[in-house]
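Below is one structure; the comments refer to it alone.
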Amino acid sequence: MQCVSEKEKNNAMKSESLPSLRVEPELRKTAEAVLEKGETLSAFIESSVRTAIEMRLNRKEFIARGLASRDRARETGTYVEASLVLEELQGMLRKAGKRSS
């Protein structure tokens, strides 16, 4: 999914609508309470749907890569020790921690 800027989204002609959504009054109050200045509830909901779609597509791609990697390992018989992977990940975390401080 390609991300689109807010300006592009506002300029794009919208020709479809999502189904109306009935929620508990408390959920609506909470949603309205977190709106940013000038943001509408409709814009917040649209942004939330876009974010959820992007997250699900990313998760789907992540799982597909993992399954493909598993299949390659089975075909080639080449595996990496879990301890080596964890060691490399720890090193990456340490480097990231140093950069953020």
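With respect to the chain, whose longest principal axis is taken over its alpha-carbon atoms, helix 41-76 is tilted by about 20°. Comparing A43, A82, A73 in a Gaussian network model of the chain where C-alpha atoms under 10 Å apart are linked, the largest mean-square fluctuation is found at A82. The candidate values are (i) 13.2, 46; (ii) 12.7, 39; (iii) 21.3, 57; the one derived from this structure for Rg and Dmax of the Cα atoms in Å carries the label (iii). For the chain, a crude dipole built from +1 on the beta carbon of Lys and Arg and -1 on the beta carbon of Asp and Glu, taken about the Cα centre, is about 200 debye to the nearest 20.
At 7 Å along the Cα-to-beta-carbon direction for both E16 and L86, put a label point, then send me their distance in nm to one decimal. Roughly 4.5 nm, to one decimal.
Laboratory data are not the source of any read-out in this text; all were calculated from the coordinates shown. All figures in this text were calculated on a predicted structure; none of them were measured in a lab. All Cβ positions, glycine included, derive from the backbone under ideal geometry; neighbour counts span all protein chains shown.
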